[in-house]
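A quick write-up on the structure given underneath.
The values are calculated or read from the model by the stated rules, or taken from the named source; none is laboratory data. Because the structure is predicted, anything quoted here is derived from the model rather than measured. Here the Cβ is made from the backbone with ideal geometry for all residues, glycine too, and neighbour counts use every protein chain on show.
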Amino acid sequence: MKFMDIGEVAARSGIAPSALRYYEQAGLISSVARHGLRRQFSPEVLLQLTLISMGKSAGFSLEEIAGMFGRNGTPDLPRAVLHRKADAIDRQIQELTALRDTLRHVADCPAPSHMECPTFRRLVETAARRAAKPTRTGRPKPRSAPR
């Protein structure tokens, strides 16, 4: 089996060597040998790095991602957790779509003042109701501070 040194893994994956060392320290990946001072990795590390990147993009923490790999580094993906994350992403997509539509309406609204526009007022009231909806903890969602 041909091993790749850390520079080749970095070049092929687009991930900086410092991040690769951090991932190794965190237990996400592991080198299989050393050639001089350079870490050597098996080709399977590229798949692991792709899965790590996908997990990060989906909003998983590195600790959660580390738990998705078995002892030998093979993926052991928890299907129920993935379904919950996909559902959360669907909700986020819906919220972002509504926000985009609101912004477009505000930008294109022909009313002399947005406060005179019934569609704008309805969109704002709907957003306020959504923001006040209790979360699973029973508390309203925290509102971000105005900028």
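Quick notes on this structure:
- Among the candidates ARG129, ARG122, residue that is out of contact with any Phe, Trp or Tyr (no Cβ under 6 Å at 6 or more places or on another chain), modelled with pLDDT of 85 or more and in a helix (DSSP H, G or I): ARG122
- Residue selection: ARG91 satisfies the criterion of being of a type outside the set (Ser, Thr, Tyr) and assigned by TED's automatic domain parsing to the domain that holds ALA127.
- For region 27-54, the candidate set comprises residues that are farther than 16 Å from GLY14 by Cα and not in a loop (DSSP other than H, G, I, E, B); within that set, the residue that is farthest from the chain's Cα centre (by Cα) is HIS35.
- Verdict on GLY73 being on the phi > 0 side of the Ramachandran plot and out of contact with any strand residue (DSSP E or B) (no Cβ under 7 Å at 6 or more places or on another chain): yes
- Any hit, region 99-115, residues being modelled with pLDDT of 90 or more, surrounded by 11 or more Cβ atoms within 10 Å (Cβ to Cβ) and of a type outside the set (Lys, Arg): no
- Failed item, numbered, when LEU77 is tested on (1) part of a helix (DSSP H, G or I); (2) modelled with pLDDT under 90: (1)
- The residues listed here are SER31, SER53, SER57; of these, the one that is among the hydroxyl-bearing types (Ser, Thr, Tyr) and in contact with a Lys or Arg (Cβ under 7 Å, 6 or more places away or on another chain) is SER31.
- Screening LEU20 with (1) buried (at least 17 other Cβ atoms within 10 Å of the Cβ); (2) in a helix (DSSP H, G or I); (3) of a type outside the set (Val, Ile, Thr); (4) under 18 Å from the mean Cα position of the chain (by Cα) gives one miss only, at (4).
- Every pair of residues 6+ apart whose Cβ atoms lie under 8 Å, when the first sits in region 48-68 and is without any contact (Cβ under 8 Å) to a residue 60 or more places away in the chain while the second is of a type in the set (Ser, Thr, Tyr): LEU49/SER13; LEU49/TYR23; THR50/SER13; ILE52/TYR23; LEU62/TYR23
- For region 35-47, a residue qualifies if it is out of contact with any helix residue (DSSP H, G or I) (no Cβ under 7 Å at 6 or more places or on another chain) and either of a type in the set (S, T, N, Q) or in contact (Cβ under 8 Å) with a residue 40 or more places away in the chain (or both), and the qualifying residues are GLN40, SER42, PRO43.
- Qualifying residue in region 84-93 (condition: under 30 Å from VAL124 (Cα atoms) and either assigned to a loop (DSSP other than H, G, I, E, B) or β-branched (Val, Ile, Thr) (or both)): yes
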